[in-house]
């Protein structure tokens, strides 16, 4: 029996597929099988895949009659024979020892699944910017390397939002009949898989390891596709049916799931054209989402909703009670987000040199945003944590605050809880107030794709083989 089966769904992925497959066949773990499921590629991908199949007997090439990432992945799982199953998107690649390290831990600890942190990146080979994403936030990082019972930590689901950065016990998947939703295209079908595995598992682990490389510059093409919102609705309907059939009644977990889908929905709703210009299909999708939400909402108290996400509870009330107000609110929030980011970026660009104070997630995300938008003035990070001093992150050194060049330098404070104290610290060091600003808040998943150029809303269907989100 193979130790790990790696499933790769693809459709018209010729631009990236070779790097993806090369990274899998060169894994330090040799007892693997590689199941590639092509959905009728016409751009030369199929010819590349056939060459790889002839050159490595561990590769099994399957053909899907549906252009659906969910359907393709299910075919791959069904054809797999490994003790554990992993997944790789066709435009990503994996670190050389990823599957060996995860398999050792999963096998040794009898895990239902194990997941690793990962790097997001933009750019071509030899010129890439990497931003590390940590699944566990600061209060929960002591859980890295520990065996966890998922039901005890439902809020992890706010950050555990990918399926391809881990491996899953194949017998666990089969015994629980876990499947991806087989809707068209390649948007959001993995959400249901993530939630099912989390809800049904008893023994899991998260590790901070060298693992997946997740491409973030192949994303914007589908950002304004109206159907992305419909895919979210379809996936929530799929999960609502799953929760009902399995009678998974834990209110905390259900509320987290509820909040996650509402957040996804609102995020894409803000990017729609004006409501009058929305398609009838989109409007019908919104109404369907409201009907499903009402079934769930009536059983929840305000306290339960607030546990999930207080802002989401406000958006939910608006969506269900007055769509016109909800529509105005979401569009205004999007304008504010763009305006705040633009103002921040314009202020930073006044300075030829900048230092990011804070080498955590907020600081690295801020640096990613600035680099994505061609600001090259950041000379280093600094931090009050002496254990970080003189280490390198994202190609820059982390310096002690008093060791940083101070003349004509902007200090960008990237700390949520102690920013006032850091302001006072910098002023006491002789830094002028105008040379200090707070970092804009941006999710790390968006930092490398948020463009400050004028964004287009062409409404085209660009959801493609690369399993874009």
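For the reader, a short list of remarks on this structure follows.
- Of all DSSP bridge pairs formed entirely within the chain, close to 30 percent run antiparallel.
- Each part gets one Cα centre, and for the range 1-52 versus the range 324-356 those centres are 40 Å apart.
- Packing around the peptides 29-36, 51-58, taken as the average count of other Cβ atoms within 10 Å per residue, puts them in this order, highest first: 29-36, 51-58.
- Ranked by how many other beta carbons lie within 10 Å on average, peptides 374-384, 238-248 from highest: 374-384, 238-248
- Gyration tensor over alpha-carbon atoms, the range 89-184, equivalent ellipsoid semi-axes in Å: 24, 18, 15
- Each of 116, 64 has some number of other Cβ atoms within 10 Å of its Cβ, and from fewest to most they run 64, 116.
- Bridge type composition, the range 349-447 - antiparallel percent by DSSP, nearest 5: 10 percent
- Entry note, the chain: relative contact order of 16 percent, from Cα contacts under 8 Å with a spacing of 6+ residues.
- Per-residue Cβ neighbour rank within 10 angstrom, fewest leading, 423, 347: 347, 423
- Largest-first principal axis extents of the Cα set of the range 349-447 (Å): 34, 32, 24
- Contact order normalised by residue count of the range 349-447, Cα under 8 Å, 6+ apart, percent: 35 percent
- Separation of alpha-carbon centers, the range 149-177 and the range 382-414, rounded to whole Å: 37 Å
- 222 nm mean residue ellipticity, helices alone, for the chain (DSSP H n ≥ 4; -39,500 (n - 2.57); rounded to 500): -12500 deg cm²/dmol
- The protection proxy used here, the mean number of other Cβ atoms lying within 10 Å of each residue, ranks peptides 266-276, 154-164 as follows, highest first: 154-164, 266-276.
- Bins of 5 Å from zero: percent of alpha-carbon pairs in the range 4-218: 1, 7, 16, 20, 21, 18, 11, 4, 1, 0
- Fewest neighbouring Cβ atoms within 10 Å first, the residues 130, 289, 113 line up as 130, 289, 113.
- Segment residue 171-residue 281, extension gain: residue separation times 0.36 nm, minus the distance between their alpha carbons: 35.7 nm
- Put simply, the C-alpha atoms of the range 227-338 give a gyration tensor, and the ellipsoid matching it has half-axes of 24, 16, 11 Å, longest first.
- Once the mean of 1/r is taken over each pair of separate Cα atoms and inverted, the chain shows a Kirkwood hydrodynamic radius of 23.7 Å.
Quick note: the coordinates plus some simple rules give every number you see, no bench work behind them. If you're wondering where the values come from, they're calculated on a predicted model, not measured in any experiment. So basically every Cβ, Gly included, is an ideal-geometry build from the backbone, and we count neighbours across all protein chains shown.
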